[in-house]
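> Quick one: structure below, then a few questions.
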Amino acid sequence: MECQVVNWAVAMVSEVQASQGLNLDNTGLPPILSSRNEEGIEATHPAKLRQLAIAVVDIFAQIFRKCNSVWPAMAIYGEGLEMYSRLLSEE
C-alpha cells in the first residue's frame, strides 16, 4: 500500500512538473523519477522521499494560492504551505 501511495504521488508530481516544464534533469524526467526502479522509489532513499514530499507540498501551495475562490482563507492556506515547503527545503 505504501508503494502505491508513493507511486501515485510521483505520478502527480511528474505530471505537474512536465506540464509546467519544471525541474527536468538531463534525461528529460523530473529528478524524482530518474532514480525509480520498476517498483517505484526505493524506500531506502529517504532523500528522494523527502524531495517528493516537498514537491507535493509545493503543488498544493500553488493550488491554494492561485485558486479562484470566494474564500480569502484559501490564499492564506497556500501561503502557509509555501512557507512550510521553504522550511522543509532549508533543513
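> Could you grab me the full set of residues in the stretch 42-91 that are outside any helix (DSSP H, G or I) and acidic (Asp, Glu)?
First, pick out the residues of the stretch 42-91 that are outside any helix (DSSP H, G or I): 42-45, 67-72, 91.
42, 91, listed by residue number.
> Hey, another quick one. Please specify each residue of the stretch 41-87 satisfying the condition of being among the basic types (Lys, Arg) and closer than 20 Å to residue 15 by Cα. Full working, then the answer.
Step one: filter the stretch 41-87 for residues among the basic types (Lys, Arg), giving 48, 50, 65-66, 86.
Selection gives 48, 50, 65, 66.
> Now for a separate question. Which of the following residues is modelled with pLDDT of 65 or more, β-branched (Val, Ile, Thr), surrounded by 14 or more Cβ atoms within 10 Å (Cβ to Cβ) and in contact with a Ser or Thr (Cβ under 8 Å, 6 or more places away or on another chain): 6, 57?
Details: 6 fails: in contact with a Ser or Thr (Cβ under 8 Å, 6 or more places away or on another chain).
Of 6, 57, the one residue that is modelled with pLDDT of 65 or more, β-branched (Val, Ile, Thr), surrounded by 14 or more Cβ atoms within 10 Å (Cβ to Cβ) and in contact with a Ser or Thr (Cβ under 8 Å, 6 or more places away or on another chain) is 57.
The values are calculated or read from the model by the stated rules, or taken from the named source; none is laboratory data. Remember, it's a predicted structure, so these values are computed and weren't measured experimentally. With ideal geometry, Cβ positions are generated from the backbone for all residues, glycine too; neighbour counts draw on all protein chains shown.
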